[in-house]
Each structure stands twice: as C-alpha cells, then as structure tokens.
C-alpha cells in the first residue's frame with residue numbers, strides 16, 4: 001500500500017521540479033511536442049534525400065546521405081573487374097633499336113664481318129626497330145640475324161619490352177566511372193588548389209573510381225573517395241555509356257575516347273574490357289568516326305614518313321597484333337614503349353602488348369570501332385586526314 005501511495009507523490013515532485021516538463025494546456029499533454037531540437041530523435045542510419053519530419057538525419061544518416069549525393073554507395077563497392085592473363089604479354093620476337101643514322105644490311109654473316117654491304121640499308125630516321133632471330137659476338141664485333149634473313153652490325157641496342165601494363169576485364173558494367181592515374185600526387189579533401197592534402201599518395205597506373213566531377217577556377221576535379229579529390233587531368237577515365245547512336249544493334253563495339261586516351265570494349269551492350277591507349281598527336285590526329293576492322297595481322301612491318309625531307313622516317317618490324325580499321329590507321333601493340341595515356345602516335349591507336357593480344361583474340365573482321373573526342377578538340381573534317389601511321 002505504501003508503494004502505491006508514493007508513486008503519485010513522486011510523479012508530482014518530478015513534474016514540479018523538472019524544468020520544461022510542465023504541461024501546457026494549449027499544447028496538450030504530448031511530451032514529444034515539448035522536446036527541444038537538441039534532444040530530438042536521430043534518424044536511423046540510411047540515405048534521406050528529402051527532409052524528415054519524425055527524426056533528424058544527422059550523424060551516420062547525414063554521412064550516408066552526403067555520400068549518396070555524390071554517387072558513393074556505402075559500403076563502397078569494388079569494381080567488378082579482374083586482371084587479364086599475364087601470359088598475353090609474351091611475344092615470340094626479339095627487337096633491336098637501330099641508331100638514328102640507320103644501318104647497312106648484309107646478305108650473310110661473312111659479308112657483315114667483312115663489311116661487304118648488299119647495297120641495301122635501313123635509312124636514317126627517328127624510330128627504327130628491327131626484329132632479329134640470332135645474335136653472334138666474335139672478335140669482329142656483334143652481329144644480328146634479322147628475321148628477313150639479312151644481317152646487321154650491332155650498332156644500336158637490344159630493345160627490352162616496355163613495362164607490361166594491362167587493362168581490366170569486367171564481369172559486369174560498373175555503376176560509375178573509373179580510371180587510371182597518369183601522374184603521381186596526393187588527393188585533397190575538397191576540389192581546388194587551396195584545399196589541404198589528405199596525405200594519401202597515388203602513383204601512375206593506380207586504379208580509382210570516379211563518383212563525381214566538379215570544376216573549381218576552371219580546373220576539373222574528380223571525387224575518387226569520401227573527401228578525396230584528384231585533378232581530373234591526372235585520371236584517364238572510362239565512363240560506361242549506353243550504345244552510341246552511330247553503332248548498330250549488334251551489341252559489340254570498340255569505344256576509343258581520344259580525350260581520355262582510353263579504350264573500352266562492349267559485348268551484349270555490357271562493358272567487358274577497358275584500358276589505356278596512346279593515339280595520334282597533333283597534327284597526326286586519330287580520326288573520329290565509326291569504322292570497321294578490315295584486316296587483322298599477327299605482325300607486320302610499318303614504315304614511312306610525313307616530312308618532305310623524310311627526317312621523321314620510321315621503320316618498325318613485327319608490329320604485333322595489328323587490326324587495321326581506317327586506311328593505314330590500326331589498333332596494335334607497341335613494343336617501343338609509348339607513354340600510354342597521352343597522344344603520341346602518327347594516327348594509330350597504340351596499346352600495350354598484352355592489351356593488343358587480348359583485343360586481337362576478341363575482335364573479328366568487321367568489328368565496329370567508334371572513335372570520338374567529347375572535348376571537341378580533334379578535327380572532324382575528313383580533308384584534314386591522310387592515311388595515318390603507327
């Protein structure tokens with residue numbers, strides 16, 4: 001009985017002594033109407049794109065909502081990607097880099113040792129590589145047997161294959177853009193050069209996801225993680241796109257983005273492969289348009305020049321995994337180590353050895369090659385273009 005009598009008394013004291021808990025007849029007896037904002041109920045952790053009446057979307061809810069506004073899911077999902085087979089980087093050729101002065105060709109080893117030329121020679125040029133099958137060193141010097149059956153004297157250097165960069169294979173199309181770092185540097189906590197660094201350092205060929213792009217003072221920045229921004233020019237991006245209107249309904253095409261210096265492959269309208277390229281540098285641009293692969297060659301020799309004095313002459317033996325699609329312009333492997341991610345060629349689309357082999361195995365004659373420059377800087381007038389070169 002005493003316990004029952006104390007309960008009403010206790011309630012009366014609490015009501016009297018607890019500030020802010022008196023009942024206002026005008027507001028009724030609903031305590032939730034008297035709760036200050038600082039004590040309001042927090043929303044459960046989730047994404048709240050619209051204002052909430054019954055809770056405050058702060059703390060974890062605000063974090064998740066801000067992330068979603070930038071297209072960042074939580075937990076952050078990895079790319080549905082995996083590395084191609086490293087064996088694709090293997091080549092059955094050995095290369096020798098000839099000096100810019102060129103070299104005479106000899107019909108036999110004895111002729112090479114006696115310096116009795118055949119009258120033929122590799123002429124002077126900027127980019128000279130031969131493919132050899134044997135090397136002989138004796139008291140007369142060093143000599144190389146070319147795959148053509150001719151010999152040269154060892155005035156130059158054996159060429160090592162470039163760093164075996166490879167792109168990515170995909171099990172499904174990513175939900176957002178992604179790309180490769182072209183430069184070394186740190187991210188910032190916000191877009192703009194006045195923002196502090198995060199302390200997170202990135203290196204060339206690091207792979208990042210791109211959730212958003214924002215321009216600050218005419219410089220574009222990519223959001224690559226929560227409060228992590230990188231200059232967009234540092235990232236060669238692939239933004240998975242629907243079928244371009246120029247492409248037919250086969251669901252298969254090769255997408256070459258000249259602005260980003262990337263190549264993407266689609267099958268059944270799904271992204272299955274992506275990588276870096278080196279396309280034509282001004283004034284030898286890679287021509288935009290829709291083309292078809294018309295010839296595939298396991299290897300071929302490419303040579304020529306553009307200047308009247310032939311000072312830019314090039315001679316490249318056994319260029320591997322070559323797919324011609326626009327006159328002399330081709331997709332092919334480049335063993336002379338182009339700087340992937342930057343325009344460098346005379347119009348061809350240069351790929352790493354492994355990427356060219358993967359593409360060669362996948363592509364068929366007639367495969368669609370869609371080349372475009374979303375920046376609009378590459379000329380589209382056909383009169384600007386010649387036949388093209390590596």
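Test residue 191 against the criterion of being at pLDDT below 95 and assigned to a loop (DSSP other than H, G, I, E, B), and give yes or no.
On the way: at pLDDT below 95: no; assigned to a loop (DSSP other than H, G, I, E, B): yes.
Judged against the criteria, residue 191 is not a match.
From the list 385, 325, which one is over 21 Å from the mean Cα position of the chain (by Cα) and farther than 13 Å from residue 263 by Cβ?
After ruling out the rest, the residue left standing is 385.
Scan 183, 137, 150 and give me the residue that is farther than 30 Å from residue 308 by Cα, out of contact with any strand residue (DSSP E or B) (no Cβ under 6 Å at 6 or more places or on another chain), surrounded by 13 or more Cβ atoms within 10 Å (Cβ to Cβ) and without any contact (Cβ under 8 Å) to a residue 60 or more places away in the chain.
On the way: 137 fails: surrounded by 13 or more Cβ atoms within 10 Å (Cβ to Cβ); 150 fails: farther than 30 Å from residue 308 by Cα.
Result: 183 is the single residue among 183, 137, 150 that is farther than 30 Å from residue 308 by Cα, out of contact with any strand residue (DSSP E or B) (no Cβ under 6 Å at 6 or more places or on another chain), surrounded by 13 or more Cβ atoms within 10 Å (Cβ to Cβ) and without any contact (Cβ under 8 Å) to a residue 60 or more places away in the chain.
Under 21 Å from residue 170 (Cα atoms) and assigned to a loop (DSSP other than H, G, I, E, B): does that describe residue 364?
Values: under 21 Å from residue 170 (Cα atoms): yes; assigned to a loop (DSSP other than H, G, I, E, B): yes.
It is true that residue 364 is under 21 Å from residue 170 (Cα atoms) and assigned to a loop (DSSP other than H, G, I, E, B).
Tell me yes or no: at least one residue of the stretch 300-307 is in a loop (DSSP other than H, G, I, E, B), more than 18 Å from the chain's Cα centre (by Cα) and exposed (fewer than 15 other Cβ atoms within 10 Å of the Cβ). Reasoning before the result, please.
Within the stretch 300-307, the subset in a loop (DSSP other than H, G, I, E, B) is 305-307.
Adding the requirement that they be more than 18 Å from the chain's Cα centre (by Cα) leaves 305-307.
Checking which are exposed (fewer than 15 other Cβ atoms within 10 Å of the Cβ) leaves us with 307.
The answer is yes, given that some residue of the stretch 300-307 is in a loop (DSSP other than H, G, I, E, B), more than 18 Å from the chain's Cα centre (by Cα) and exposed (fewer than 15 other Cβ atoms within 10 Å of the Cβ).
Residues being out of contact with any strand residue (DSSP E or B) (no Cβ under 6 Å at 6 or more places or on another chain) and in a helix (DSSP H, G or I): count how many of those fall in the stretch 315-358.
Final tally of qualifying residues: 2.
Do we find that residue 259 is under 30 Å from residue 193 (Cβ atoms) and in contact (Cβ under 8 Å) with a residue 12 or more places away in the chain in this structure?
Against the criterion (under 30 Å from residue 193 (Cβ atoms) and in contact (Cβ under 8 Å) with a residue 12 or more places away in the chain), residue 259 qualifies.
Looking for something more than 25 Å from residue 320 (Cβ to Cβ), within 28 Å of the chain's Cα centre (by Cα) and at pLDDT 95 or above - is there at least one such residue anywhere in the stretch 71-83?
Looking through the stretch 71-83, at least one residue is more than 25 Å from residue 320 (Cβ to Cβ), within 28 Å of the chain's Cα centre (by Cα) and at pLDDT 95 or above.
May I ask you to list the residues in the stretch 244-256 that are touching a residue at least 24 places away in the same chain (Cβ under 8 Å) and surrounded by fewer than 18 Cβ atoms within 10 Å (Cβ to Cβ)?
Across the stretch 244-256, the qualifying residues are 244, 246, 248, 250.
Here's the yes/no breakdown for (1) in contact (Cβ under 8 Å) with a residue 60 or more places away in the chain; (2) closer than 26 Å to residue 80 by Cβ:
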site	(1), (2)
157	yes, no
163	yes, yes
168	yes, yes
221	no, yes
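Among the numbered criteria (1) within 20 Å of residue 255 (Cα to Cα); (2) buried (at least 20 other Cβ atoms within 10 Å of the Cβ), which single criterion is violated by residue 316?
Every condition holds for residue 316 apart from (1).
Against the condition in the same structural domain as residue 206 (by TED's automatic domain parsing) and part of a strand (DSSP E or B), how does residue 263 come out, does it pass?
Numbers: in the same structural domain as residue 206 (by TED's automatic domain parsing): no; part of a strand (DSSP E or B): yes.
Taking the combined requirement at face value, the residue does not satisfy it.
Is at least one residue of the stretch 166-178 part of a strand (DSSP E or B), surrounded by 16 or more Cβ atoms within 10 Å (Cβ to Cβ) and more than 11 Å from the chain's Cα centre (by Cα)?
Looking through the stretch 166-178, at least one residue is part of a strand (DSSP E or B), surrounded by 16 or more Cβ atoms within 10 Å (Cβ to Cβ) and more than 11 Å from the chain's Cα centre (by Cα).
Out of all the residues in the stretch 70-80, is one or more assigned to a helix (DSSP H, G or I) and surrounded by 17 or more Cβ atoms within 10 Å (Cβ to Cβ)? Before you say what the answer is, go through the steps one by one.
At the first step, the residues of the stretch 70-80 found to be assigned to a helix (DSSP H, G or I) are none.
Scanning the stretch 70-80, I find no residue that is assigned to a helix (DSSP H, G or I) and surrounded by 17 or more Cβ atoms within 10 Å (Cβ to Cβ), so the answer is no.
The values are calculated or read from the model by the stated rules, or taken from the named source; none is laboratory data. On a predicted model such as this, the values are computed, not experimentally measured, just so you know. Heads up, the Cβs are rebuilt from the backbone with ideal geometry, glycines too, and the neighbour counts pull from every protein chain shown.
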